[in-house]
Every structure is written in C-alpha cells, then in structure tokens.
Protein chains: 2
Amino acid sequence: MKLNDLVYRKSEWLKGEGPKSNIAISTRVRVARNVKGHIYFNRAGDRQREETLDTVVSALKKSGFFKNALFLRVKDVSELDRTFLVERHLMSREHMRQFEHKALVVDESEIVSVMLNEEDHIRLQVIQSGFNITETWRIVDDIDTDLGRYLSFDYSGRFGYLTSCPTNTGTGLRASVMLHLPALAMTGQIDNVFDAISKLGLTMRGFYGEGTEALGDFFQISNQFTLGHSEMDILYNLERVINKIVLREEATREDLLKRKREEISDRIFRSYGTLKSARIITSDETIKLLSSIRLGVDLGLIKDINMARISEVLLFTQPAHLQKINNKELSPYERDIKRADLLRQKLVGD
Amino acid sequence: MKLNDLVYRKSEWLKGEGPKSNIAISTRVRVARNVKGHIYFNRAGDRQREETLDTVVSALKKSGFFKNALFLRVKDVSELDRTFLVERHLMSREHMRQFEHKALVVDESEIVSVMLNEEDHIRLQVIQSGFNITETWRIVDDIDTDLGRYLSFDYSGRFGYLTSCPTNTGTGLRASVMLHLPALAMTGQIDNVFDAISKLGLTMRGFYGEGTEALGDFFQISNQFTLGHSEMDILYNLERVINKIVLREEATREDLLKRKREEISDRIFRSYGTLKSARIITSDETIKLLSSIRLGVDLGLIKDINMARISEVLLFTQPAHLQKINNKELSPYERDIKRADLLRQKLVGD
C-alpha cells in the first residue's frame, strides 16, 4: 500500500457508520508500550532510536495484522502528507512535528495504526466508526497479544506497563469517543456534562486530540487515568458514561424539535444555505456549519443528503485533504476558495 | 379605487424601473402649500381644520389629476393600513401617528399622493421609479398649477410660498432620490460622499424618510434649502450631484468586480443562500440581504432572478405588506416566519 492510496478513500474515523453514529462519530483505543532493554525515546541517542525502530518494524512485519500495511519513515513524508495523516487521525501532531527517528505504520483497512518512537516506542491505535468500545478494544488486545510474541514489553508487577510519561503507566490505555453534541451545547447543558465527567475520571479533548479546541460541537471524551484500574474497568466506565451522554443528547434533540422547531430549522437551513453558497470559506466555519447539517439530517429536517455525504465532505474539506485532492500545495486563501468549490460540488451537484 | 386595490400591486417607489434603476431606486418631489385665509394646521382649532380639509378635498375633486383617486380620512384607516401606506411611501410617519383631521389622497397610478393637514395644509408628492428628477418635477408642477385654479396659496412676494415650518418656506420644494450604494459603502467612500453633499446644500435621510436609519446601503439624498434659490436651481443642483454619485458607484462596482471578485461573490451568494434558506428572518436583515442580491444582479453574478423580483420581494416583506398579504394581523415573531416563507416561495419557487 502507498500513502496516496488513501487519498480518495473514506477515513475510518469519518465513515459515519456503526452503532449510534448519529451522535458518536468514532471510537478510538490505543495502548502505549516500550520494548524491554531499549532506552526510552527521550533519553536515547540517535543510534539507539534507530535500533528500536528496526526492532519494532521487524516485529510488526512478522505479525499477520500488518500484511500490505503502509510503513512510513516520518522524515521521508512531506509536510503536506504528514498533515494529511493527522487529519485522518492516524498519527498525533507531536509525531509529525518532531519527525526524526520516527515511523508510522497503517494497516490496509486504515483501522489500525502504530506510531513508533512517538513518546513511547509503540503507540498502537485502533479506530472504528461509531460507538464501539468493546469491539475496538478487542482488536487492540488481539494485536497487542500478537506483538507480544515477537517483542518483550517493559512491565512491572507492581505498576503494570511502564511508559515514558507516568500518566500512561499501568494499562497504557487511552480510549476515547468523538461525540457530536449540538443539542447539549445549544441548551448550555454541555458544561454540566464536563463537570460530571471530570468527577468520573474522564476528560474532554478537541477535534484533533489533546490540546486542540472543540469545533462544531464535536467533543472527544476519554479516560484520564491508566493506573489502578483494569482495562475492563476503564472501558466499562467510559462506555457507561458515554451511553448516558448519548441518551441525554438524543432526548434534548427531540425536545428541541418539539419546543423550538422553527429556531432549530432556521439555524440548520441557514447553515445549509451558506455551505451551498459560499465562495470563500475557512475550515473552522465549514466544520461548524456541517455540524448543523448533521443535526438537520438526524432530525429528519434535511432529506436531500445523508450522513455519509456529510462525513465525506467533513473529511475532504480539511486543509491537507483539499491539497491532496487538488494535487498541489495551496495557500490558505486558495484553499478557502477550493473548499467552497468542493462544498458546492458535493452539496448542490447531486 | 379602494385601499385594498393596492395590496398586490407594485408600488411605484419599488418598481425597479426607469433611468439608472440599477442604482437609483426612485425619485420623489414634493411641494408644501397652504391655503390663503385658512389658519395653519398647528394653530387651527378642530372646526377650522375640518374646513380646510373640505376646501382642499373639493379642489382636488375638481382637478383632472384625481379621477378615480383614493380619498382617505386617516382616522378611518386602521393602524395596519396606515403602516402599509407608509411602507409604500405614500405618507409620512408623522401623518400616520397623529391622525385626527388629516387626509390622504392617492391617484390611481400611485404616482401622486397628497397629504392634507400634515404640517402644511397640502403636501403634494410625486414619486417615480428610477432617476427622473425633471419628469417628476414636471408632474408636480402641472398638478400644482392646476390646483392653483381652484385654490389660492399663501404666497409672499419677498419669501415665496409660506409654510408652517420656515425650513420649507420659499419654494416649498423637497426633491429626493433613493440611491443604492453598496460599493461606496463597502469601500468606505460613503463618508466622503456625505461630507461632500452637506457642503453642497444636500442632506441624507434613511430608508423610510426623515429621522430613519439607512438600511441595506439605501440612502435618500435630498435638498436641504428651499429658500433663496429657484426650483430649477434646486433640482439642477441635486441632479448634478446625484449624477456624480451614480457614476462613482458604478466605477467602484466595476473596480470591486475586477480586484475583489471572489470576496464580492462570496458576500453576494451567501446573502442569496441565507434568503433562500432562512425559516425566521427580520425585516432589517431581509433588506440588508436583498441589498446584496441587488448588487449581484447588477454585476451579472446572479442570473436566475431579476431586479423586478427583488423589488417585489423588498416591498412585500415589509411588516404591514406581509400582514395585508396574509389577510390578518401577525405578531413580530409570526411575521418573521411568514417573511421567510414568502422569501423561499419568491426566490426558490421559480
């Protein structure tokens, strides 16, 4: 597989399928692992970092999970392509910024990705469309077990898996669900949700992960603690809380439709009108407006477009995707014009 | 003619026809006259006011210009209908607010209207679509001359026509042109225009006349002085200045289209998209957005709608027109919904 094979493909994280996909965009589970006997990335010298890379890559190549996978040295990837991979949620922003001695492996289905020499030697991630914690975890666990056949991980009987940063020690597990919560945001209930989840050991991140802002009422909720709980406890707690949030969002949507039908329709159709009309539009505005359309489709107000099309547009209007599709680098101003062109083509064209 | 005959008719002031109608909406000329021997309205008692009304009405009925005209006692007209007449620029807001002992006469073509017992005994107004000062004045002058056959006006050899307020004394003439100046507004040149016209004895008024705000880049420019100049001098000065403003607006539109085509298109098509999509919309927002569409049609960017349709929509989305069309009184909230319905019907329907 080559990187450019991904360009016109739907990204798993924006497929718009799977359980509760009207509200839950995608589920992501990752584990952090380090290879026994290898110095941790931060402390290692250049040669040691390269040795770790070689060791892990050869283990991955032995595993049946990475047949036909994409193996990339991050330093060999152009800045545009690195951003493209971040937009597909296949690697972190940190991994793209400091790209020496780092690698990325993506399986053929784009569900599994592995960052090598990010903060830890191995960051194994599985992403699935919709709300699907158990299934997503099962895949992570299977691959992790398989890799354990070829690699020995740093593990302490007392702490569990050892990691570069203590916030990951123990399970090394971070599970997160990207939720679309326009009704809770509109009615101001979202602040209560944040208060509640932080008391339950969960945390909220933005559209592009840690340290980024929430955009268009998309909120990423994940476990805060990795230590002192089993994997199953962590996942069960997350699932239980997300279930409650999803139910509350659904109830609030119905209630809004009953009590404020005109206002909601006005907001949704104005957003739709703007997306179909604009000649210059930023990425942020696009996400915000598409968020409205998504709600409109779920509420049955918008009937001439489906969730899959919205997801496609949400993916392809991102800056790097737009440039990959147009086959050249574009200035922010040129992108804003091309983005508007694409939106009209995808939303008015058929 | 009955008042309700006007409802579905295009108002002369928003017909969108005539010379330079891409920029000049309408031309209005009025003269103020008082009847010799009758006490001025402010000072008169009830009986004297009624006597003046009788005298003027019988003169108008003798004139050939008011065959089949609409004769209304303002006090007999509902508040909704009074607002409706103000929206059609057939009478002033003052005339509708203090409605005792007042009358309004509108000729069959809706070009000529006469307010009786407004500030002066007679306010004779002629309104024409487009930029048409000479023709409009000619009609006023003809009617004024004709009325002089049946009435004697208060006239002083030294001052000219005498009026209730000294700002009208002399010619009693107020000529104004409603201009649509989005390009001058967008480029900030409009402030220079205001500075210049005030030095030239002209003044700027809002969308609904004296004391109202400019809306949607529609500006009403009229002469400030009525004394010390002949009618022809006043009209020639106004025509000369308006001509310059129109030329400058045209040049700026062309320039914007050359240098900022994307930005202008973006603004125009977003406005169009919003008008075709909104479910709740105020009158002010409608005027602002229609202003953009008007520019878009003139620049050839919008091709699926014409000026006449824009004028029709601008007229019929006004609060009282909307209620007349719907045949009932509506709350502001209900109007905002009905207005959005009408916009979609008129802009998307065909």
What FRET efficiency comes out for the pair residue B:156/residue B:282, r = Cβ-Cβ distance, R0 = 56 Å, nearest 0.05?
0.75
Under the convention of a label 7 Å out along Cα→Cβ, give the distances in nm from residue B:349 to the same position in every other copy, shortest first.
3.3
Rounded to whole Hz, the Karplus (6.51, -1.76, 1.60) HN-Hα couplings of the stretch B:170-185, x for glycine and proline:
x, 7, x, 9, 10, 10, 8, 10, 8, 10, 10, 10, x, 5, 5, 5
In debye to the nearest 20, the charge dipole size for the stretch B:133-178, taken about the Cα centre with +1 at each Lys and Arg Cβ and -1 at each Asp and Glu Cβ, equals 180
Using amide H atoms built in the peptide plane, which far-off residues or other-chain residues are under 5 Å from residue B:202 H to H?
B:224
Any chance you could list P(r) for chain B, counting all Cα-Cα pairs in 20 angstrom bins from zero, rounded to whole %?
30, 56, 14, 0
For the protein assembly as shown, taking Cα atoms only, what is the radius of gyration to one decimal and the Dmax to the nearest whole Å?
35.7, 115
Rounding to the nearest 20 debye, state how big the charge dipole of chain B is about its Cα centre with +1 on each Lys and Arg Cβ and -1 on each Asp and Glu Cβ.
360
Quick check: from the Cα gyration tensor, does the stretch B:280-350 come out rounded (a/c under 1.5), prolate or oblate?
prolate
Largest-first principal axis extents, alpha carbons of the stretch A:134-176, Å:
28, 26, 16
FRET efficiency (residue B:187, residue A:263; Cβ distance; R0 41 Å; to 0.05) is 0.70
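When you look at the Cβ of every residue in A:257-269, what mean number of other chain Cβ atoms sits within 10 Å? Each step should come with its number before you reach the end.
Values: counts 0, 0, 0, 0, 1, 6, 2, 1, 6, 8, 3, 2, 9.
Partner Cβ neighbours, averaged per residue: 3.
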Output the pairs from A:62/A:324; B:10/B:328; A:346/B:258; A:199/A:288; A:15/A:346; A:15/A:276 with a Cα-Cα distance over 25 Å in this structure; if there are none, say none.
A:62/A:324; A:346/B:258; A:199/A:288
Say the dipole of the stretch B:3-253 comes from +1 at the beta carbon of Lys and Arg and -1 at that of Asp and Glu; which of B:163, B:8, B:194 then lies farthest toward its positive end?
B:163
Please enumerate, by chain and number, the lysines with C-alpha under 18 Å from the C-alpha of residue B:20, excluding those fewer than 8 residues away in the same chain.
B:244
Can you give the FRET efficiency for residue B:109 and residue B:165, using 1/(1 + (r/R0)^6), R0 = 22 Å, r = Cβ-Cβ distance, to the nearest 0.05?
0.15
Does anyone have the angle between helix B:190-199 and the longest principal axis of chain B? Alpha-carbon axes, 0 to 90°, nearest 10?
20
Write down the Å³ per residue value for the convex hull defined by the alpha carbon atoms of the stretch B:51-155.
106
What's the center-to-center distance, using Cα atoms, between the stretch A:58-99 and the stretch B:148-226 in Å?
70
Looking at the stretch A:1-56, which trypsin sites (Lys or Arg not before Pro) are in a loop (DSSP not H, G, I, E or B) and have at most 13 other Cβ atoms within 10 Å?
A:2, A:9, A:36, A:43
For residue A:47, inter-copy label-point distances (7 Å, Cα→Cβ), nm, shortest first, read 12.2
Whole-number D in µm²/s for the stretch A:231-278 (Stokes-Einstein; Kirkwood sum over Cα pairs; 10 °C, 1.306 mPa s)
121
Karplus (6.51, -1.76, 1.60) ³J(HN,Hα), θ = phi - 60°, over the stretch B:109-115, in Hz, Gly and Pro reported as x
7, 6, 8, 10, 9, 10, 8
If the only charges are +1 at each Lys and Arg Cβ and -1 at each Asp and Glu Cβ, what is the size of the charge dipole of the stretch A:1-107 around the Cα centre, to the nearest 20 debye?
320
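Give me the percent relative contact order of chain B, please, defined on Cα pairs under 8 angstrom at least 6 residues apart.
20
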Taking the axis that carries chain A onto chain B, what is the nearest Cβ in chain A, and at how many Å, to the whole number?
A:273, 2
Among all the aspartates and glutamates, which ones have a C-alpha under 14 Å from residue B:67's C-alpha, if same-chain residues fewer than 8 places away are not counted?
B:107, B:108, B:110, B:146
Measuring nothing but label to label, 7 Å from Cα along Cα→Cβ, what are residue B:61's distances to the other copies in nm, shortest first?
10.8
Straight-line reach check, residue B:61, cutoff 18 Å on alpha carbons, 8 or more apart in-chain or any other chain, hits among lysines -> B:2, B:102
Could you work out the Rg to Rh ratio of the stretch B:6-115, with Rh taken as the Kirkwood radius (inverse of the mean 1/r over all Cα pairs)?
0.99
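Is the C-alpha gyration tensor of the stretch A:221-350 telling us rounded, prolate or oblate? Criteria: a/c under 1.5 is rounded; beyond that, a/b larger than b/c is prolate, otherwise oblate.
oblate
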Whole number please: convex hull volume per residue of the Cα set in the stretch A:268-321, in Å³?
67
What spacing in nm lies between the two simple spin-label points modelled at residue B:232 and residue B:61, each 7 Å away from Cα in the Cβ direction?
3.8
Computed curve, the stretch A:187-248, Cα-only Debye sum without solvent term, log₁₀ I(q)/I(0) at 0.17, 0.30 Å⁻¹, is -0.60, -1.37
Any idea how far the Cα center of the stretch A:119-137 sits from the one of the stretch A:281-350, in Å?
26
Rounded to whole Hz, the Karplus (6.51, -1.76, 1.60) HN-Hα couplings of the stretch B:54-64, x for glycine and proline:
4, 4, 6, 4, 5, 5, 4, 5, 6, 5, x
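Just so you know, all these numbers are worked out from the coordinates, no wet-lab data involved. Remember, predicted model here, so these are calculated numbers, not experimental data. Every residue, glycine among them, receives a Cβ derived from its backbone with ideal geometry; neighbour counts consider all protein chains shown.
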